[in-house]
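Below you'll find the structure, written out as structure tokens, and then a few comments.
The values are calculated or read from the model by the stated rules, or taken from the named source; none is laboratory data. Predicted model only: the values in this text are computed from it and were never measured. Because the Cβ atoms are built from the backbone with ideal geometry, glycine has one as well, and the counts that use them run over all protein chains shown.
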Amino acid sequence: MLIELVPGTPAGVAEEVAARAAAHEDVTAWPVRLAGRVFVVVSGDESLARVPGSPAVLARRPTPDGHWLVRRDSGVAPREVTIGGPPRPAPRAVTGGPGAAPDAPGAVTGVVVGGPRLWWAAGPCALESAEDAAETALAVRARGAHALRAGLFKTRSSPYHFSGKGGRGLETLAEVRRTAAIPVITEVCDPRDVPAVAEVADCLQVDGRHLDNRPLLAELGAQPRPVLLMRAPGASLDDWLRAAEFVLARGNRDVVLCAGAAGTPPEPGFGAIPALRERTDLPVVFDPSHSTRSAALVAPAALAAAAYGADGLLIESCLKPERMYRPGDAAHMFPPESLADLVTACERVRDSVRSLAVPR
């Protein structure tokens, strides 16, 4: 349940309402400020929660399906999310990281996801060789990429596959970000790793296998960094939106949804894009690489996603895929030299479809 308070309610009053709502030991509550509005999130048995008769209380917002903040009619979920921006202080464990002033050489510019332009990111599935990652970052940036994707913590289907460099790769990722002057997107799996990764990455990616990792989602909600939530093939739209709600309910509304494979057996789930449009304003991007598992199918999948109205693309690309530790990852890598042509074609398709749109 959500208790909406009068706009501008002081923090002390919001805390008092939360404390009174959670008077029972089986109920917890906390205040959040989102989109200029003040809410008290009530978790637990709603029949035990107390809605105080305070003049600060504006409305009670029932949440029978587990998500209200992300809904289109809530007015809370953003249509646009900016990934990147002025460099932030480097983490303590990183030397030579992104610590320059915003107008210094190598400054990283943020780009909007969900705006009129087709946003896109490219890079290797996992950050492996520092040299290869830096070269790939420069290559994709030269072709117009708005961000670099490079995983440090990989959720693999086998314990014998490369699971990423983890925390020891943060320094490399920070250096790549600074050198290429490009925002970076990387995965995080453990809530204990979130603060350190958030000091380096411009966007924190959550694999679909972690949509039920509530401690991770709650920690991401406490960070001032955009979150990219990937859909698990077997997850329903409600599962996906509830995961986004966990992030918003902790105070972070900068969430981007990433569609990909869906169903059993998994196939590209293009239909999720218009289906989400009916239910939320959150930006929706598409991953044509993981959804097809084939570099040869990336282009047709990306074009189809553009036709369905995706706000952006998350593409796997690497200059030297033959050097990747896991051959399966190399099979997904779209050639960097063809990225600009692919994105141009996707923008044309998206514009053509929009011109033919039939009013609902």
**Asked** Picking from Ala222, Ala235, Ala259, Ala243, which residue would you name as being under 28 Å from Met324 (Cα atoms) and among the hydrophobic types (A, V, I, L, M, F, W, C)?
**Response** Ala259
**Request:** Scan (1) of a type in the set (Gly, Ala, Ser); (2) in contact with a strand residue (DSSP E or B) (Cβ under 8 Å, 6 or more places away or on another chain); (3) in contact (Cβ under 8 Å) with a residue 60 or more places away in the chain for the single condition Ser291 breaks and write down its number.
**Result:** (3)
**Asked** Is there a residue being surrounded by fewer than 21 Cβ atoms within 10 Å (Cβ to Cβ), touching a strand residue (DSSP E or B) at 6+ places or on another chain (Cβ under 6 Å) and closer than 16 Å to Pro78 by Cβ anywhere in the stretch 237-251?
**Response** yes
**Complete:** All-but-one check, Ala235 against (1) under 13 Å from the mean Cα position of the chain (by Cα); (2) in a loop (DSSP other than H, G, I, E, B), failing number (1)
**Asked** In the stretch 294-352, which residue that is hydroxyl-bearing (Ser, Thr, Tyr) and in contact with a Pro (Cβ under 8 Å, 6 or more places away or on another chain) is surrounded by the fewest Cβ atoms within 10 Å (Cβ to Cβ)?
**Response** Tyr308
**Spans of strands (runs of 3 or more DSSP E) in the stretch 245-317 with at least 2 residues in contact with a helix residue (DSSP H, G or I) (Cβ under 6 Å, 6 or more places away or on another chain)** = 255-259, 284-286
**Request:** Might you check whether a residue that is within 28 Å of Ala330 (Cβ to Cβ) and either crowded, with 24+ Cβ neighbours inside 10 Å or not β-branched (Val, Ile, Thr) (or both) occurs anywhere in the stretch 270-282?
**Result:** yes
**Request:** Filter the stretch 10-29 down to residues that are in contact with a Gly (Cβ under 9 Å, 6 or more places away or on another chain) and buried (at least 16 other Cβ atoms within 10 Å of the Cβ), then give me how many there are.
**Result:** 3
**Request:** Return yes when Asp351 is at pLDDT below 95 and touching a strand residue (DSSP E or B) at 6+ places or on another chain (Cβ under 8 Å) and no when it is not.
**Result:** no
**Given (1) among the hydrophobic types (A, V, I, L, M, F, W, C); (2) surrounded by fewer than 23 Cβ atoms within 10 Å (Cβ to Cβ); (3) farther than 21 Å from His290 by Cα, index of the condition Ala174 fails** = (2)
**Fill in**
Filter the stretch 36-63 for residues that are outside any strand (DSSP E or B) and touching a helix residue (DSSP H, G or I) at 6+ places or on another chain (Cβ under 9 Å); the one that is surrounded by the most Cβ atoms within 10 Å (Cβ to Cβ) is Ala49
